[in-house]
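Data first, discussion second: the structure below is written as structure tokens.
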Amino acid sequence: MRVASVASQAGAWNARRGLLGSSPVLPENYVLFSGAAQGAESAFGAAAERNGIDEVNFTFEGHSDARRRGIRVLTRAELRQGDVSLAYLTKLMHRRYPDTPLFRKVLQSIWHQVNNGREVFVVGRIQPDQTVTGGTGVAAEFAKLFNKPVYVFDQARDGWFRWAGDAWEATQDPVISEPHFSGTGTRFLEDNGRAAIDGLFARTFR
């Protein structure tokens, strides 16, 4: 699947949807951008497949993928496009990350997920410093930096939260409002996190 072609089609649909307002939400006009990792990303992909939604899973040589549908192996040049200073990331996230080639590639692939999505959904846990746990918590910070709508389902608090510009605010029953959206999160997906992903798709594409 060519990402640019799908993007053009989805963008055109988004414009029509804005004009028509009450037009039905058609799954075939939506694209999930994710990473095919075990846990939340795999659950997002499975939900997309059940609902007839295309998925693009950014990965790289040597990565352990839990899904094969929509796999997009990033080249070395494409990975470099998403390169972020670990020193900067450490300051941004208030924690240290391993300076290894594998972890750098993980971060670079997350950058591509967020860069391609117009709206970002993350499953994890919000910490007191307003960051989200785990490596995929970086997706939430990228979304903030890119000024994209970002939602987090906090498994510990059993609820959805939306970034309001300076803090996370509780929100009920969000829906996917952009045809290009990103879905990522923790590898340690709990039952309520899986249900939250399924509910997100059910509300949007019912």
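Each reported figure results from applying straightforward, stated rules to the coordinates on display, with no laboratory input. Everything numeric here is computed off the predicted structure, so don't read it as measured data. Cβ coordinates were reconstructed from backbone atoms using ideal geometry, including for glycine residues, and neighbour counts include every protein chain displayed.
Can you tell me how much longer the chain between V25 and D129 gets when fully stretched, taken as 0.36 nm per residue apart minus their C-alpha distance, in nm with one decimal?
Here the segment from V25 to D129 would lengthen by 33.8 nm.
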Local net charge near N192, Cβ-Cβ under 13 Å (Lys/Arg +1, Asp/Glu -1): -2
Percent RCO, i.e. relative contact order, over the chain, from Cα pairs under 8 Å lying at least 6 residues apart: 24 percent
Rounded to whole Å, sorted largest first: equivalent-ellipsoid semi-axes of the chain, Cα gyration tensor: 25, 21, 16
Prolate/oblate/rounded call for region 100-146, Cα gyration tensor, a/c under 1.5 rounded: oblate
Cα-projected label distance for E49 with L89, points at 7 Å along beta-carbon direction, nm: 2.8 nm
Charge tally in the Cβ shell below 13 Å around E78, where Lys, Arg are +1 and Asp, Glu are -1, E78 excluded: +2
Restricting region 53-160 to trypsin sites (Lys or Arg not before Pro) in coil, as DSSP defines it, with at most 10 other Cβ within 10 Å: R68, R96
